[in-house]
Every structure is written in C-alpha cells, then in structure tokens.
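Please read the structure below before turning to the comments.
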Amino acid sequence: MSIPSHIAIIMDGNGRWAEKRGLERIEGHRIGAEVADAVSQWCADSGIKYVTLYAFSTENWKRPRHEVNYLFELMLMYITSQLERMLKEEVRMRFMGRLNELPEKLLDFTRYIEEKTRNCSKLNVIVALNYGGRAELLDAVTSLIRKGRSEITESDISSCLYIPDLPEPDLIIRTSGERRLSNFLLWQCSYSEFFFTDTLWPDFSKKEFLSILEDYSKRKRRFGAVDI
Ligand code: IPE
Ligand code: IPE
Ligand code: MG
C-alpha cells in the first residue's frame, strides 16, 4: 500500500459537535485536542513521517475573545501534558504561522517545545498556528524583496516558506463537511490529493483514518504527466 509521507489535516467541526450536544463550543475544542493527539499516534503507527495540523488560522481572530483565549490555553495545557510522551516516542513538534503575533507566553512555549523535541525524528508534527497561506506567501516574497531580489523562481519561494524543509502534503483531509481550504497551504497544495469527510473532528476515528489511507493508496498521481 502506498503511504503518504505527509498528511495535512483541517480539523474542523468542534463547535458544531458541541452545539449538537447542547455543550459550549469550547468543549468541542477540548475533545478535538484529544483526537489531534490520537491522530499523531495513528500516523506514527502507519509509517507517516509528517503530519500538519491546522489549529488556528489568521482568520480565527474574528472569533469571540474567550474562545480564542481558550484555544491558546488548551494548546499550552495539552502539549505540555504530552511532552514526555513525545520525547519517548521520538516526536518532533514544530509550529508554523505568524508566531510573532501570538501572546508572548504562547510564543515562548512554541520555542520551548521546538527546542525540546528538535532531535526527535520518528514523526514530525507541525502545528499550523496563526497560519494563513496568503500570509505565508506574503512573508516569503517580502523576505526575498528585503534580500534585494528582483527576479525569483519557484524554489526561491519554497525556500522562504515558514518550514522550508517540510515536504509538500501528499494528502489533505478536511472534516466537518466543508469543502474548502480556508487559507491552508495555498502554495504547497498544488498537487495534493484531497479527502473531505462529513465527520465532525471530535468524532474522527482510527477506522476512518485507515479507510482514508486505503482510498489514497488507490489514487493515481500523475503530476501532469501521462501514465506509461
Ligand atoms: C475547528 O472547529 C477548530 C478551529 C477552527 C480552531 P470549529 O471551531 O471551526 O468548529 P465549527 O466549524 O464551528 O463546527
Ligand atoms: C479552518 O476552519 C481553520 C482551522 C481548522 C484551524 P474554520 O472553521 O476557521 O474555517 P471556515 O471559517 O469554516 O472556512
Ligand atoms: Mg469551523
């Protein structure tokens, strides 16, 4: 079975999951964080090397202040509680996005986690945090302009993305029934496979994850060429 090297996930539907149960939206985020953690274990078990999780977009600041604060607190608490396990299981965690715009405590925390896990190499978990595909492209082009460049190539842009050594995603999964990218990995998705499921993120299961991998393995990726 062909296994994707890099899976990127738009973890959507936490709010609706909670609302359906008469709970506060933040309850959905709390369960969603547990699923995110489980997914990284399923990826490691399946031999996937990179998983990128869309945790907070540059547009998510439009949400009520208390929801934004809760999401940040949750990240601090959850990742801290998983740190020991990540080190034991050789998980490297990196963050991508406009990290400088985050509250200082969270910014310091992202640096701390990156430093702590930098020598781990079994699985790479990338958390897209205050991430926007357009912001990433603007930041890349701005840094090229600052270097005095007047002509650029595709590989110049790729090398100025937030994590230049991150391979492009083979597969992008979005839960919750929405069929859009919501500003995720706009440059990197040019030849990604997509999988959309109606399942809300807190209900996403290992069984469904494995069935998506099976679906992926049957796809023919041609990258614009023809089959010989
Ligand atoms: C995804 O769930 C989590 C984040 C965007 C942080 P949502 O909070 O978007 O859940 P819905 O889409 O409102 O159900
Ligand atoms: C995308 O979900 C962002 C994350 C999952 C972090 P949203 O819920 O913010 O996307 P829209 O608003 O439905 O497009
Ligand atoms: Mg949503």
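The values are calculated or read from the model by the stated rules, or taken from the named source; none is laboratory data. Just so it is clear, the model here is predicted, and its values are computed rather than measured. Quick reminder, even Gly has a Cβ in these numbers, built from the backbone with ideal geometry, and neighbours come from all protein chains shown. Note: accessible area is taken over every heavy atom of the protein model, side chains too, but ligands, DNA and RNA are not part of it. Shrake-Rupley method; radii C 1.70, N 1.55, O 1.52, S 1.80 Å.
Quickly run through segment 166-196 and pick out the residues that are within 14 Å of ligand 3 (Cβ to nearest atom), of a type outside the set (D, E, K, R) and either more than 14 Å from the chain's Cα centre (by Cα) or farther than 27 Å from Thr58 by Cβ (or both).
Ser176, Gly177, Phe196
Can you tell which of Val39, Val51 is in contact with a helix residue (DSSP H, G or I) (Cβ under 8 Å, 6 or more places away or on another chain), open to solvent by less than 10 Å² (accessible area, probe 1.4 Å), touching a residue at least 24 places away in the same chain (Cβ under 8 Å) and assigned to a strand (DSSP E or B)? Full working, then the answer.
Values: Val39 fails: assigned to a strand (DSSP E or B).
Answer to the selection: Val51.
Would you please name the residue that is surrounded by the fewest Cβ atoms within 10 Å (Cβ to Cβ), looking only at residues in segment 54-89 that are polar (S, T, N, Q) and within 11 Å of ligand 1 (Cβ to nearest atom)?
Result: Asn60.
If Lys116 satisfies all but one of (1) surrounded by 20 or more Cβ atoms within 10 Å (Cβ to Cβ); (2) in contact with a Leu (Cβ under 9 Å, 6 or more places away or on another chain), what's the number of the condition it fails?
With respect to (1) surrounded by 20 or more Cβ atoms within 10 Å (Cβ to Cβ); (2) in contact with a Leu (Cβ under 9 Å, 6 or more places away or on another chain), Lys116 is out only on (1).
Restrict the check to segment 127-149 and report whether at least one residue is farther than 22 Å from Asp37 by Cα, charged (D, E, K, R), in a helix (DSSP H, G or I) and open to solvent by less than 60 Å² (accessible area, probe 1.4 Å).
yes
Please specify each residue of segment 166-183 satisfying the condition of being under 18 Å from Val127 (Cβ atoms), surrounded by fewer than 23 Cβ atoms within 10 Å (Cβ to Cβ) and near ligand 2 (Cβ under 9 Å from one of its atoms).
Leu181, Ser182, Asn183
Please work out which residue is least open to solvent (accessible area, probe 1.4 Å), limiting yourself to segment 97-112 and to residues that are in a helix (DSSP H, G or I) and touching a strand residue (DSSP E or B) at 6+ places or on another chain (Cβ under 6 Å).
For segment 97-112, the residue satisfying everything is Thr110.
Six or more apart or on different chains, Cβ atoms under 7 Å: show the pairs whose first residue is in segment 7-18 and basic (Lys, Arg) and whose second is more than 9 Å from ligand 3 (Cβ to nearest atom) and open to solvent by 10 Å² or more (accessible area, probe 1.4 Å).
Every condition considered, the pairs that remain are Arg16/Leu200.
Which pairs turn up if I take residues in segment 170-181 that are in contact (Cβ under 8 Å) with a residue 12 or more places away in the chain and look for partners that are crowded, with 23+ Cβ neighbours inside 10 Å and among the small types (Gly, Ala, Ser) with beta carbon separation below 6 Å, at least 6 apart in sequence or on another chain?
From residues that are in contact (Cβ under 8 Å) with a residue 12 or more places away in the chain, the pairs are Ile172/Ala8; Thr175/Gly13; Ser176/Gly13.
Working carefully through the options Phe72, Phe56, find the one that is outside any helix (DSSP H, G or I), among the aromatic types (Phe, Trp, Tyr) and under 16 Å from the mean Cα position of the chain (by Cα).
Phe56
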